[in-house]
């Protein structure tokens with residue numbers, strides 16, 4: 001399968017995007033390459049991406065995709081940028097814009113940036129500087145400009161902020177610079193060919209053709225990518241982990257935190273998980289019983305959950321089987337309800353996020369569920385794999401809107417009786 005992430009650079013009507021085996025996605029953003037629909041042996045063609053209105057696709061997400069056998073081709077826009085940066089690790093860059101970045105002929109993100117329509121159509125509302133640079137290069141041999149005038153006009157066009165670099169703004173700059181002949185020539189050429197000077201489109205089509213022609217070299221190269229995962233990457237991948245269970249698509253992180261919060265026996269499950277890690281270390285080192293490892297680490301004076309605080313990988317099936325071993329169908333339905341309650345809170349209260357939930361409210365919620373007092377709170381959180389009181393409070397905030405809504409409904413029913 002070829003997954004093409006594209007927006008304003010190519011119209012959806014391009015015949016290549018309708019070829020068998022091609023799946024078209026909106027412009028890429030942070031988290032998109034964690035999608036389980038993209039698997040080893042597939043090819044990703046990265047063309048467009050968002051970065052102003054949402055977090056941009058990060059380099060290590062691309063490295064992770066290549067590490068699991070996905071070929072990645074980049075061109076035209078953010079694809080060209082990322083390919084120039086990640087070519088040593090196996091990402092394949094194609095096209096004139098990618099080559100210009102590699103050579104250092106251009107280096108700014110604004111070279112390929114465009115303003116996009118906010119309605120989901122992803123139409124380009126402005127001209128990217130790289131296309132303006134290209135038409136200026138075409139105008140010099142055509143006798144419309146000399147090198148110095150072209151450079152001056154490019155400098156004036158670069159000074160226009162990219163979301164304001166519309167065709168009207170381009171014409172206005174040309175008039176101010178006294179280059180009306182060039183503006184007239186460009187208008188005429190665009191009327192004859194609406195794609196005239198569109199270097200980004202040409203490069204994007206080349207990238208799609210490259211993917212259609214056969215497997216890229218990136219899959220083989222990526223096999224040698226070292227394990228570079230960081231705490232940040234683990235956080236991103238965990239947040240993106242999803243699974244379809246009981247006909248519901250649920251966040252794996254939400255399912256785990258639900259067990260940590262609501263399962264009275266989760267402390268035992270966390271202890272079993274620590275024992276498993278001690279016997280089967282992720283780094284391939286020698287396995288030891290947890291009690292022996294604990295004695296070596298700190299003399300055995302502290303419980304294991306206070307000494308060993310591993311970062312959980314929610315993509316690991318064996319880990320999830322251990323930690324979700326006590327999960328029931330009712331638990332999964334509760335997770336879905338709480339997720340919907342959180343989504344409703346975000347829709348109904350613009351700007352709302354879990355950060356808006358007061359720490360004291362989340363703390364009282366946990367103290368009530370765990371039936372412990374303040375003096376036991378930190379130890380209880382640690383025993384459940386939540387590190388400590390502060391981390392437990394942050395993790396539990398996702399459930400507060402749903403829990404409070406359910407509590408209100410229960411109280412209303414009781415009051416009606």
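Taking the listed residues 336, 362, 355, the one that is assigned to a helix (DSSP H, G or I), in the same structural domain as residue 302 (by TED's automatic domain parsing) and touching a strand residue (DSSP E or B) at 6+ places or on another chain (Cβ under 6 Å) is 336, with no other qualifying.
Restricted to region 157-170, and to residues that are closer than 17 Å to residue 186 by Cα and either in contact (Cβ under 8 Å) with a residue 60 or more places away in the chain or crowded, with 16+ Cβ neighbours inside 10 Å (or both), which residue is nearest to the chain's Cα centre (by Cα)? Among residues in region 157-170 that are closer than 17 Å to residue 186 by Cα and either in contact (Cβ under 8 Å) with a residue 60 or more places away in the chain or crowded, with 16+ Cβ neighbours inside 10 Å (or both), the one nearest to the chain's Cα centre (by Cα) is 165. You will find that of 235, 255, 227, the residue that is under 30 Å from residue 322 (Cα atoms), at pLDDT below 90 and assigned to a helix (DSSP H, G or I) is 235 and no other.
Just one of the listed residues (198, 213) is under 23 Å from residue 27 (Cα atoms), under 29 Å from the mean Cα position of the chain (by Cα) and without any contact (Cβ under 8 Å) to a residue 12 or more places away in the chain, and it is 213. Does any residue of region 191-209 turn out to be exposed (fewer than 13 other Cβ atoms within 10 Å of the Cβ) and either closer than 16 Å to residue 133 by Cβ or in the same structural domain as residue 49 (by TED's automatic domain parsing) (or both)? No.
When the residues of region 193-206 are narrowed to those that are in contact with a helix residue (DSSP H, G or I) (Cβ under 7 Å, 6 or more places away or on another chain) and assigned to a helix (DSSP H, G or I), which ends up farthest from residue 139 (Cα to Cα)? For region 193-206, the residue satisfying everything is 205. Filtering region 82-91 to residues that are crowded, with 24+ Cβ neighbours inside 10 Å and free of Cβ contacts under 8 Å to residues at least 40 places away in the same chain leaves 82, 83. The set of residues in region 11-42 that are at positive phi and either touching a helix residue (DSSP H, G or I) at 6+ places or on another chain (Cβ under 7 Å) or outside the structural domain of residue 213 (by TED's automatic domain parsing) (or both) contains only 31. Scanning region 171-186 for residues that are assigned to a helix (DSSP H, G or I) and either more than 39 Å from the chain's Cα centre (by Cα) or touching a residue at least 12 places away in the same chain (Cβ under 8 Å) (or both) returns 171, 173, 174, 175, 176, 180, 181, 182, 183, 184, 185, 186. Test residue 352 against the criterion of being under 23 Å from the mean Cα position of the chain (by Cα) and farther than 30 Å from residue 279 by Cβ, and give yes or no. So residue 352 passes the test. For residue 381, the requirement of being part of a helix (DSSP H, G or I), free of Cβ contacts under 8 Å to residues at least 60 places away in the same chain and loosely packed, with under 13 Cβ neighbours inside 10 Å is not met. Looking across region 53-97, just one residue is out of contact with any helix residue (DSSP H, G or I) (no Cβ under 8 Å at 6 or more places or on another chain) and within 17 Å of residue 108 (Cα to Cα), and that is 78. Give the residue, chosen from 386, 342, that is assigned by TED's automatic domain parsing to the domain that holds residue 274 and in a helix (DSSP H, G or I). After applying the criteria, what remains is 342.
Out of 94, 70, 112, 45, I need the residue that is crowded, with 24+ Cβ neighbours inside 10 Å, under 17 Å from the mean Cα position of the chain (by Cα) and either farther than 27 Å from residue 234 by Cα or in the same structural domain as residue 17 (by TED's automatic domain parsing) (or both). Which one? The match here is 45. Scan region 135-142 and tell me whether some residue there is closer than 22 Å to residue 50 by Cβ, in a loop (DSSP other than H, G, I, E, B) and not assigned by TED's automatic domain parsing to the domain that holds residue 7. Checking region 135-142: not a single residue is closer than 22 Å to residue 50 by Cβ, in a loop (DSSP other than H, G, I, E, B) and not assigned by TED's automatic domain parsing to the domain that holds residue 7.
The values are calculated or read from the model by the stated rules, or taken from the named source; none is laboratory data. Predicted, not measured: the structure shown is a model, and the values here were computed from it. Glycine gets a Cβ as well: all are built from the backbone with ideal geometry, and neighbour counts include every protein chain shown.
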